[in-house]
């Protein structure tokens, strides 16, 4: 018997690939579950009633949120939220710019619109002192 | 009285008991030797194991009768735990159930797929069975859901090391000149 090399059978390779697929599925299930997409909560108190909307952060949308002064335009794009126009005098909400991390928020007090991102706490520290 | 037993004389079921028992003892000794080797190899994480001690088990699948295969498996489980000092800890429970699962799966696979795989495929199946059972137990008994966080690297290392071990076992089985002398009935071609 002069077998110089091990003859690997097709079934060996099938078993190997099968195991690899199982590992892939388990990894997907393990690592994808904990990392849910953060949600954007938008609430407004226009027209006498409180309203609330929830959007996923990874979507794309342009929303006209009604408030006592008029419509606040909110844009969700590229994993961030931004107020692009609002009928309030100071435009603080517009100047806040884009927010993208859980815990951040934008408020337009005159128009009574509040936008916040909720989700799993990000791994980054709140602030770093140097 | 000493029976003069030429190797060829011991047929399939009728090999003399002392001889097969000596071979089991020898295989078990090799298991424990390899377990000691594995024990002194530094590992980054306690659960990342090579499984060297399973080499004799892979060879025993074809060569030992089922009862002696499980005898070898039992000695390996106990002896390995003694060497690692984990005999009276939950690790022993994991090791026991993992080894039993892998032994059963390998034996069943070897019988069912007879000839259509090498020991590589059998080794992978055994490792997967052992690791999945251990992870499931760890999840329900010891660590809770977070046990699965280590599952992917654990399983991946198991897949790679079991493939290599299976290959080594297959090479040894094909090239050994000692095995055909000890088990002539399994090397008739």
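Can you give the angle from 0 to 90° between the axis of helix B:66-84 and the longest principal axis of chain B, with both taken from C-alpha atoms, to the nearest 10?
It is inclined by approximately 50 degrees.
Can you pull the three principal axis extents for the Cα set of the stretch A:39-118, in Å, largest first?
29, 24, 20
State the dimensionless ratio Rg/Rh of the protein assembly as shown (Rg: radius of gyration of Cα atoms; Rh: Kirkwood radius). Don't skip to the end; give the middle numbers.
Details: Rg = 31.2 Å, Rh = 24.5 Å.
Rounded to two decimals, Rg over Rh is 1.28.
What is the helix-to-structure angle for B:119-137, meaning the angle in degrees between its Cα long axis and the longest Cα principal axis of chain B, kept from 0 to 90 and rounded to the nearest 10?
40 degrees
Kindly provide the helix-only [θ] at 222 nm of the protein assembly as shown, computed as the sum of -39,500 (n - 2.57) over DSSP H runs of four or more divided by all residues, to the nearest 500 deg cm²/dmol?
The helix contribution divided over the protein assembly as shown gives -16000 deg cm²/dmol.
Could you check which residue among B:45, B:119, B:26 shows the biggest mean-square fluctuation in a GNM of chain B with a 10 Å Cα cutoff?
Per the Cα network of chain B with a 10 Å cutoff, B:45 tops the list.
Over chain A, with a Gaussian network built from C-alpha contacts below 10 Å, which listed residue (A:61, A:32, A:107) shows the highest mean-square fluctuation?
Of the options given, A:32 has the highest mean-square fluctuation.
Between residue A:39 and residue A:127, with labels modelled 7 Å along Cα→Cβ, what's the label distance in nm to one decimal, could you check?
Computed distance between label sites residue A:39 and residue A:127 equals 3.0 nm.
Checking the a/c ratio against 1.5 first, then a/b against b/c, what shape does the Cα gyration tensor give for the stretch B:11-186?
Verdict is prolate for the stretch B:11-186.
Any chance you could run the full-extension gain for residue B:164 through residue B:48? It's 0.36 nm times the residue separation minus the Cα-Cα distance, nm to one decimal.
In short, 40.3 nm is gained.
Which residues among the stretch B:88-113 fall inside the zone where the amide N is under 19 Å from a point 7 Å beyond the Cα of residue B:142, along Cα→Cβ?
It comes to B:88-103, nothing else.
Kindly list the residues of the stretch B:161-189 that lie in the label zone of residue B:22, defined by a backbone N under 13 Å from the point 7 Å along the Cα-to-C-beta vector.
Of the residues in the stretch B:161-189, B:182-183 have backbone N under 13 Å from the label point off residue B:22.
In what order do B:112, B:168, B:61 fall by count of nearby beta-carbon atoms within 10 Å, going from fewest to most?
Numbers: B:112 9, B:168 17, B:61 21.
Ordered from fewest to most neighbouring Cβ atoms within 10 Å, B:112, B:168, B:61 come out as B:112, B:168, B:61.
Tell me, what is the percent relative contact order of the stretch B:11-186, built from C-alpha pairs under 8 Å that lie six or more residues apart?
Value for the stretch B:11-186: 24 percent.
Would you work out the relative contact order for the stretch A:39-118, in percent, from Cα pairs under 8 angstrom that are 6 or more residues apart?
On the way: 193 pairs, mean separation 24.0, N = 80.
Worked out over the stretch A:39-118, it gives 30 percent.
Once each part is reduced to its C-alpha centroid, what is the distance from the stretch A:18-93 to the stretch B:115-149 in angstrom?
40 Å
In Å and whole numbers, how far do the C-alpha atoms of the stretch B:29-90 stretch along each principal axis, longest first?
36, 22, 17
Hey, in the GNM for chain A with a 10 angstrom Cα cutoff, which one of A:27, A:100, A:86 fluctuates hardest?
Evaluated over chain A, the most mobile residue of the options is A:27.
With r as the distance between the Cβ atoms of residue B:186 and residue B:67 and R0 = 25 Å, compute the FRET efficiency 1/(1 + (r/R0)^6) and round to 0.05.
0.90
Where does helix A:10-34 land angle-wise versus the long Cα axis of chain A, in degrees 0 to 90, nearest 10?
Tilt of helix A:10-34: around 20 degrees.
The numbers here are math on the coordinates, done by the rules we state, and not lab data. Here the structure is a predicted model, which means the values were calculated and not measured. FYI the Cβ positions are ideal-geometry reconstructions off the backbone, even for glycines, and counts take in every protein chain you see.
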